[in-house]
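K.L.:
Would you mind keeping the following structure in view while I ask a few things?
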Amino acid sequence: MIVQMKKAAIFTLESHKKETLMQLRKLGVVHINPFSAESEELGVLLEKKLYFEKAMKLIPEKQVKEQGNVAKKDAASFARDIYTLHEQQMSSNENLNKLKQEYETLLPWGDFKPDTVWELRKKGVDLHFCVLQYKDIEKIPEEMEYTVLEKAKGEAKLIIIGDPIKLPFSYNELSLPANNLKEIEVMINEKENECQELGKKLASLVSGRQMIQDEITKLDREIEFEQIRTGMATSEQVAYLTGFVPVHSVENLKKKAKKYGWGLILDTPGKDDHVPTLLKNPRWISIIDPVFDLFGTIPGYHETDISFWFLLFFSLFFAMIIGDAGYGLCILLFTIIARINLKKAPAAPFILFTVMGIATVIWGAMTGTWFGIEQITRLPFFSWMIIDSIASFPAPGLESQVQQSYMYLCFTIAVIHLTIAHILHFIKHLPLLKAFADPGKILLLWGLYFLIQTVVFKKPMPEVTLWLIGIGFGINFIFVEQDGNFFKGLFSSVKNIIPIALNSISCFSDIISYVRLFAVGLATVRVAGAFNGMAAGVGFDSISIIGSVLILVFGHMLNMVMAGMSVMVHGVRLKMLEFSGHVELQWSGTKYKPFS
């Protein structure tokens, strides 16, 4: 459930601001409204944080055998060493690239000593290395001697004896280097070794990563404190701040205020207040929180907490999309192994995957799916668990009937799921008139549910179908725009008749959307069967068994990964979009983060 909050205004003397904030931080219950603040001290702290964050990005994450000595250094020393080595590495890489570029430029001219060219020029042999258009060779004056070294793509490289300034066309002359090719090769090798050595030294500082991260965390706390201190509003000698406190922590705040002589005003948050959301559910429901954290979503303070329903239906969707009891056992095994190796990690994700794995095993057993192998389902130990109407491997001639049953189940889950959404919305908004639009929407959903059966399965339409749709639309039309004044709300509905009608029609597509549970689950079974068939084609004799096993391991692992991605795309979508849309949940909340 969403914990109720109280809006708090805390007053203190301006001279006591720092002491007050230190006591509030120790108390750790007040979510303080964000401030826009500037100060010299805050600027220094932000610069220091940026300095350490850049240092953190420069440290390689890979561990090395030779690491720096953490005991003899602090975070600042590590950061200085990191920046020094990084600058040396950048300079060395730049010089290496210049040498390589120089080498590539000289390579077509062959290995010659630049000193020899200078000596020849001193003795009157004016030697130059020029690049010109091949067609211009015939234009070279007769008194100039030359040798063509290379012709390519309409260009020619020439060694010319004489001043090239006399050439009657444009050309490019090679600037004589300080070293020949062999010397440059040696220099390149030296620079490469130098770059590698600097890289190793930089990698050896990975031991300081945690120390720098701890320093960043410490600076975050100092920055938060300074932002609040600087941003506290003042009036004459009094400073004050506003925030929110959970109702169960109000008494602790009152005691603190009385002890330190703070002024304290508590009020009920209004609709326009941006109140943080604190979810407090039983531990068995809170296992779904990692999913919310993964997507960074949390309901708004004035919205509905759907944690229980999210956990219940997400478990079902997960099982239907993965769809294979063998994969469910693998999920359980991976979860157990991960938990053994990550004992200090939070327990919720492991409990969640355990629940998902068990749900998948149960669903896979009911559909008779064990690694997509049909022969397993025929064994007596496994066959008794199968529900024939949703079996993955139905008896010959019943395939179409089973598919229709599976789709019918998806549509039934859809209408129940969306009905629950409107019941929650109805309870949330009672006794407002607007709440009574939800019973109309529920009638409309069930009418469309019967209509979908007629459209998809060609079943006779029950007589009650059109009555449900008509009455449901009428009730929804009357109450959906109500906001206190009945006739004013009715007039608003008339003005918005088209959006209301389109919204009602969208319920049809929302129910149809749940057929993805059937389609994606079926795809998982078929892909598993395809890999099994490939392995069987290779064979399982003494020679080919290795290839078959590799196909099976790779194929089923790939299938599990794709099925997992489908859960994130389709399973979560049905909760975050279809269900949330009907309960009018925008996921617009800000997580409760007390100053602590």
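The values are calculated or read from the model by the stated rules, or taken from the named source; none is laboratory data. Predicted model, so just to flag it, every value in this text is computed and none were measured. Because the Cβ atoms are built from the backbone with ideal geometry, glycine has one as well, and the counts that use them run over all protein chains shown.
K.L.:
Can we say Gly484 is surrounded by fewer than 17 Cβ atoms within 10 Å (Cβ to Cβ) and of a type outside the set (Phe, Trp, Tyr)?
P.N.:
yes
K.L.:
Taking the stated definitions as given, is Val250 touching a Lys or Arg at 6+ places or on another chain (Cβ under 8 Å) and outside any helix (DSSP H, G or I)?
P.N.:
no
K.L.:
For segment 439-490, how many residues are small (Gly, Ala, Ser) and in contact with a Ser or Thr (Cβ under 9 Å, 6 or more places away or on another chain)?
P.N.:
So the count comes out to 2.
K.L.:
Can you name the number of the only condition in (1) small (Gly, Ala, Ser); (2) exposed (fewer than 14 other Cβ atoms within 10 Å of the Cβ); (3) assigned to a helix (DSSP H, G or I) that Gly364 fails?
P.N.:
(2)
K.L.:
I'm trying to understand the selection: among the residues of segment 121-177, which are buried (at least 17 other Cβ atoms within 10 Å of the Cβ) and farther than 17 Å from Trp109 by Cα?
P.N.:
Residues satisfying the conditions are Ile140, Gly162, Pro164, Leu167.
K.L.:
Here is a list: Ile298, Ile321, Ile306. Which entry is in contact with a Ser or Thr (Cβ under 9 Å, 6 or more places away or on another chain), crowded, with 17+ Cβ neighbours inside 10 Å, closer than 30 Å to Ala528 by Cα and not hydroxyl-bearing (Ser, Thr, Tyr)?
P.N.:
When all the criteria are applied, what remains is Ile321.
K.L.:
Applying the selection to segment 485-512, what residues are in contact (Cβ under 8 Å) with a residue 40 or more places away in the chain and within 22 Å of Val583 (Cβ to Cβ)?
P.N.:
Across segment 485-512, the qualifying residues are Gly489, Ser504, Cys507, Phe508, Asp510, Ile511, Ile512.
K.L.:
Among the listed residues Leu149, Leu132, identify the single one that is touching a residue at least 40 places away in the same chain (Cβ under 8 Å) and in contact with a Gly (Cβ under 8 Å, 6 or more places away or on another chain).
P.N.:
Leu149
K.L.:
Whether any residue in segment 347-361 is surrounded by fewer than 19 Cβ atoms within 10 Å (Cβ to Cβ) and not in a helix (DSSP H, G or I) is what I want to check.
P.N.:
yes
K.L.:
Working only within segment 534-553, note down all residues that are within 29 Å of Phe314 (Cα to Cα) and touching a residue at least 12 places away in the same chain (Cβ under 8 Å).
P.N.:
Scanning segment 534-553 gives a single hit, Leu552.
K.L.:
Residue check: is Ile298 closer than 28 Å to Phe426 by Cβ, in contact with a Leu (Cβ under 8 Å, 6 or more places away or on another chain) and either in a helix (DSSP H, G or I) or at pLDDT 90 or above (or both)?
P.N.:
No; evaluated as a whole, the condition is false for this residue.
K.L.:
Given the residues Glu94, Glu66, which is the only one that is at pLDDT below 85, loosely packed, with under 14 Cβ neighbours inside 10 Å and out of contact with any strand residue (DSSP E or B) (no Cβ under 6 Å at 6 or more places or on another chain)?
P.N.:
After applying the criteria, what remains is Glu66.
K.L.:
Can I ask one more? Which condition does Ser400 not pass, out of (1) under 27 Å from Asp510 (Cα atoms); (2) in contact with a helix residue (DSSP H, G or I) (Cβ under 8 Å, 6 or more places away or on another chain); (3) modelled with pLDDT under 90, if it passes all the others?
P.N.:
Failed condition: (2).
K.L.:
Output the residues belonging to segment 117-155 that are closer than 22 Å to Pro177 by Cα and among the polar types (S, T, N, Q).
P.N.:
Thr147
K.L.:
Here's a follow-up. Of the residues in segment 280-295, how many are under 16 Å from Phe579 (Cβ atoms) and surrounded by fewer than 13 Cβ atoms within 10 Å (Cβ to Cβ)?
P.N.:
1
Residues checked against (1) within 25 Å of the chain's Cα centre (by Cα); (2) surrounded by fewer than 18 Cβ atoms within 10 Å (Cβ to Cβ); (3) modelled with pLDDT under 85:
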site: Ala528; (1), (2), (3): no, no, no
site: Gly533; (1), (2), (3): no, yes, no
site: Gly539; (1), (2), (3): no, yes, yes
site: Ile543; (1), (2), (3): no, yes, yes
site: Gly555; (1), (2), (3): no, no, no
site: Met560; (1), (2), (3): yes, no, no
site: Leu577; (1), (2), (3): yes, yes, yes
site: His582; (1), (2), (3): no, no, no
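K.L.:
Hey, another quick one. When residues of segment 204-255 are filtered for being charged (D, E, K, R) and touching a residue at least 24 places away in the same chain (Cβ under 8 Å), how many remain?
P.N.:
Here the count works out to 8.
K.L.:
I would also like to ask the following. Identify, by number, the condition in (1) in contact with a helix residue (DSSP H, G or I) (Cβ under 6 Å, 6 or more places away or on another chain); (2) under 30 Å from Val583 (Cβ atoms); (3) surrounded by 16 or more Cβ atoms within 10 Å (Cβ to Cβ) that Lys256 doesn't meet.
P.N.:
Unmet for Lys256, out of (1) in contact with a helix residue (DSSP H, G or I) (Cβ under 6 Å, 6 or more places away or on another chain); (2) under 30 Å from Val583 (Cβ atoms); (3) surrounded by 16 or more Cβ atoms within 10 Å (Cβ to Cβ): (2).
K.L.:
Does segment 382-407 hold any residues that are crowded, with 18+ Cβ neighbours inside 10 Å, of a type in the set (Phe, Trp, Tyr) and free of Cβ contacts under 8 Å to residues at least 60 places away in the same chain, and which are they?
P.N.:
Of everything in segment 382-407, just one residue is crowded, with 18+ Cβ neighbours inside 10 Å, of a type in the set (Phe, Trp, Tyr) and free of Cβ contacts under 8 Å to residues at least 60 places away in the same chain, namely Phe393.
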